[in-house]
Amino acid sequence: MSKYNLLQEKVLVLNKYYQAIQITTVQKAICHLVKGTAKVITTDWTTHSFEEWIKISKFYENGNGKMIKSPSVAILVPDAIYLPYYESLPKTEVVFSRQNLLLRDKFRCQYCGKLLKNPKDRTIDHVIPKSRGGKTVWTNVVLCCKKCNLKKGNRTPEEAGLKLLKPPKEPKWHSLILEEFPKHKKETWKVFLNFAGILED
Ligand SMILES: [Zn+2]
């Protein structure tokens, strides 16, 4: 992986209460570290200043960890940073958008469960059809494959003999970010996200 890509990798940001509040890039995380406004946090909940992190990184220099290297210094790419002075709380509302709907429904048709890798196969279904007063809200909209959508037509799932995998709900931001996060970092992130009891299972 090139240096450029490493700098754009995602880093989880925790506020002073150890709550995950947002995602940033490695590049921005390093700026915070250099300024002293952030520390690297590891899954054992230890925080490390920039100087300490450089020392830790030296142990990993020839290992498998991803390193950002400059002529003078090598830094292990952090998975998460901690902002000891930052008090903002996590976002609670998830914006209603097509992208977030895809993430909530994990790219699967909510009737037959098919994984819809191809954007062309994806349709948005109103559980209670629009023509019958169904609203465009989290609790009435699901991802649906073309086949199921055609079968359902202008009917309710019961009328069409279809069954939803689960009732659609407004997603939690924290479960959405896990969907977006690269697999190799998921386990690290889960430690921080589970801490506040905000992960649904
Ligand atoms: Zn389907």
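Nothing in this text is a laboratory measurement; each read-out follows from the coordinates by a stated rule. Values in this document were obtained by computation on a predicted structure and should not be read as measured data. Neighbour counts run over all protein chains shown; Cβ positions are idealised from the backbone, glycine included.
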With unit charges on the beta carbon (Lys/Arg positive, Asp/Glu negative), name the residue among Tyr111, Gly133, Ala160 whose Cα is farthest towards the positive pole of the charge dipole of region 98-160.
Tyr111
Counting only backbone N atoms under 18 Å from a point 7 Å out along Cα-to-Cβ of Ala160, the residues of region 119-141 in range are 120-141
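Multiply the residue separation of Val95 and Lys35 by 0.36 nm, subtract the distance between their alpha-carbon atoms, and state the gained length in nm to one decimal. Kindly include the intermediate steps, with their values, before the conclusion.
Values: separation 60, 0.36 × 60 = 21.60 nm, distance 3.19 nm.
Gain on stretching Val95 to Lys35: 18.4 nm.
How much net charge surrounds Thr46 when only other residues with a Cβ under 14 Å from its Cβ are counted (Lys, Arg +1; Asp, Glu -1)? Display every interim value, and only then the final one.
Values: positive: Lys39, Lys55; negative: Asp44, Glu52, Asp79.
Here the count lands on -1.
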Which pairs in the list Lys10/Lys151; Lys28/Lys135; Lys117/Lys163 are over 30 Å apart, alpha-carbon to alpha-carbon?
Lys10/Lys151; Lys28/Lys135
If you place +1 on the Cβ of every Lys and Arg and -1 on the Cβ of every Asp and Glu, how big does the dipole about the Cα centre of region 98-160 come out, in debye to the nearest 20?
220 debye
Amide proton proximity set for Val141, modelled H, under 5 Å, gap of 5+
Val127
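Relative contact order for the chain using alpha-carbon pairs under 8 Å, separation at least 6, rounded to a whole percent? Write down the numbers at each step before the final one.
Working: 298 pairs, mean separation 38.3, N = 201.
Value for the chain: 19 percent.
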Between Ser70 and Lys16, how high is the FRET efficiency from 1/(1 + (r/R0)^6) when r is the Cβ-Cβ distance and R₀ = 30 Å? Nearest 0.05.
0.50
Can you give the direction-averaged projected area of the convex hull of the alpha-carbon atoms in region 98-160, in nm²?
4.0 nm²
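Add +1 for every Lys or Arg and -1 for every Asp or Glu among the other residues with Cβ under 14 Å from the Cβ of Leu83, and state the total. Please report the intermediate quantities before stating the final value.
Working: positive: Lys16, Lys28, Lys35, Lys39; negative: Glu87.
The answer is +3.
To the nearest whole percent, what portion of all C-alpha pairs in the chain is separated by more than 30 angstrom? The partial results should precede the final answer.
Details: 7513 of 20100 pairs.
Beyond 30 Å sits 37 percent of the P(r) for the chain.
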Go through region 107-122 residue by residue and turn each phi into a ³J(HN,Hα) via Karplus (6.51, -1.76, 1.60, θ = phi - 60°); whole Hz please, and just put x for glycine and proline.
6, 10, 4, 7, 9, 9, x, 5, 6, 9, 5, 8, x, 5, 7, 8
Approximate spin-label separation Lys146-Cys112, in nm, with each point projected 7 Å along Cα-to-Cβ
1.2 nm
